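*Asks:* Please find one structure pasted underneath; my questions will follow.
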Amino acid sequence: MEPDKGKYRMTKERYYTIGEIAKMYHLGVDTLRYYEEKGILEPIRGQNGYRYYDSQSIWRMNVISNLRNLGFSVPRIRDYFQNHTVETTQELLYEELGVIAEKINEWTNLQKMVQEQVRTIRQAQALEIGKVRSLELEPRKAFEIRKDYSTDEDMDLLMMQLLEQNHRKLYMIGNNRMASVMSENGDHALFESAVMFDEEGDIDIPGGTYLSVCYHGVTDSRRQADIIRAYASEHRIVLKLPFMDLMWIDVHISADPAEYISEVQVRAEWKQELM
């Protein structure tokens with residue numbers, strides 16, 4: 001049954017039911033009722049009490065769908081409908097352009113992060129496992145949260161706190177910007193803090209020569225640190241603690257611990273020859 005056409009004087013108008021509109025815009029009927037409640041959608045009531053939607057409703061739904069996808073609030077959309085002129089439409093379009101520009105910037109940054117993650121995984125797969133190597137690293141900035149912990153799950157929670165505290169939007173997948181600072185007290189937790197390398201970080205990690213060893217598996221940090229200590233002793237190298245354990249490939253990338261790759265790093269200086 002259609003709405004009372006005499007009231008609206010529409011003889012060839014196409015009417016849609018709430019179910020048809022919901023399907024057309026991939027929404028729930030509760031959402032359409034909510035839009036009606038908030039005054040941004042005005043269906044016609046048929047003699048049977050059912051809701052019907054006409055071409056004006058379709059136009060409104062197109063505007064609503066577009067603006068909601070851009071994050072506009074329901075009150076802002078209602079204000080626009082209540083004061084719908086050329087001037088207010090231009091104002092709204094400029095608002096849309098601003099939001100679109102922000103989203104383009106956000107997606108561009110996201111694209112860069114994903115590309116970096118792909119490069120990081122490829123670099124990790126090319127790392128030589130089990131061999132101590134010397135690296136020349138530039139100074140690094142980082143955020144740090146100091147708390148004793150021993151498990152990957154603890155580190156995940158700390159990293160999420162770092163991201164939230166510093167309003168960062170970084171993926172923890174395929175990203176070697178995350179590291180654990182090893183505790184030197186073997187009677188306590190394995191790690192004493194978590195760091196996130198970032199150019200806007202508030203702590204400085206010195207550059208210079210670092211000794212590094214990469215390894216597969218989990219919870220092997222102390223053994224790798226001992227390997228570096230032995231190498232340093234043999235080659236007259238002074239280690240500048242603490243050790244850092246960087247994530248390359250972990251549970252976020254693979255469910256197989258045999259595929260995990262981590263890297264223990266520590267700053268180093270060669271002893272001066274005795275005069």
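The values are calculated or read from the model by the stated rules, or taken from the named source; none is laboratory data. Keep in mind it's a predicted model, so treat the numbers as computed, not measured. Please note: Cβ atoms are built from the backbone with ideal geometry, for glycine as well, and neighbour counts cover all protein chains shown. These area figures cover heavy atoms from the full protein model, side chains too; ligands, DNA and RNA do not enter into them. Shrake-Rupley method; radii C 1.70, N 1.55, O 1.52, S 1.80 Å.
*Asks:* Find the lysine pairs in the chain meeting two conditions, Cα atoms under 25 Å apart and a separation of 8 or more places or different chains, and report how many there are.
*Replies:* 15
*Asks:* Related question: Compute the long axis of helix 152-165 from its Cα atoms, compare it with the longest principal axis of the Cα atoms of the chain, and write down the angle in degrees, 0 to 90, nearest 10.
*Replies:* 60
*Asks:* Explain nothing, just the number: dipole magnitude of region 1-144 about its Cα centre with +1 on each Lys and Arg Cβ and -1 on each Asp and Glu Cβ, in debye rounded to the nearest 20.
*Replies:* The dipole magnitude comes to about 420 debye.
*Asks:* Once both axes come from the Cα atoms, what is the angle between helix 55-69 and the longest principal axis of the chain, in degrees from 0 to 90, rounded to 10?
*Replies:* With rounding to tens, the tilt is 10 degrees.
*Asks:* What does region 37-98 give for Rg and for Dmax, in Å, if only its C-alpha atoms count?
*Replies:* Gyration radius and largest Cα-Cα distance of region 37-98: 13.1, 44 Å.
*Asks:* Still on this structure: Given Cα pairs under 8 Å that are at least 6 residues apart, what percent is the relative contact order of region 192-272?
*Replies:* 39
*Asks:* Give me the one-decimal nm value for the distance between modelled label points at residue 94 and residue 240, 7 Å along each residue's Cα-to-Cβ direction.
*Replies:* Between residue 94 and residue 240, the simple spin-label model gives 5.4 nm.
*Asks:* What residue among 57, 150, 193 has the largest mean-square fluctuation in a Gaussian network model of the chain, using Cα springs under 10 Å?
*Replies:* 57
*Asks:* State, in angstrom, two size descriptors of region 1-122 derived from its alpha carbons: Rg to one decimal place and Dmax to the nearest whole number.
*Replies:* Rg and Dmax of region 1-122, Cα atoms, are 19.5, 70 Å.
*Asks:* Please compute, over every Cα-Cα pair in the chain, the percentage with a separation greater than 22 angstrom.
*Replies:* 69
*Asks:* Which residue fluctuates the most in the chain, going by a Gaussian network model with Cα springs under 10 Å, if the choices are 16, 149, 231?
*Replies:* 16
*Asks:* What does the helix-only formula give at 222 nm for the chain: each DSSP H stretch with n ≥ 4 adding -39500 (n - 2.57), the total divided by the residues, and the result rounded to the nearest 500 deg cm²/dmol?
*Replies:* After summing the helix terms and dividing by residue count, I get -13000 deg cm²/dmol.
*Asks:* Between the helical axis of 221-234 and the dominant principal axis of the chain, each derived from Cα atoms, what acute angle in degrees is found, rounded to the nearest 10?
*Replies:* Between the helix axis and the principal axis of the chain, the angle is about 40 degrees.
*Asks:* Tell me the per residue accessible area of the chain using a 1.4 Å probe; a whole number in Å² is fine.
*Replies:* That works out to 60 Å² per residue.
*Asks:* I need to check one value: relative contact order of the chain, counting alpha carbon pairs closer than 8 Å and at least 6 residues apart, in percent.
*Replies:* Relative contact order of the chain: 16 percent.
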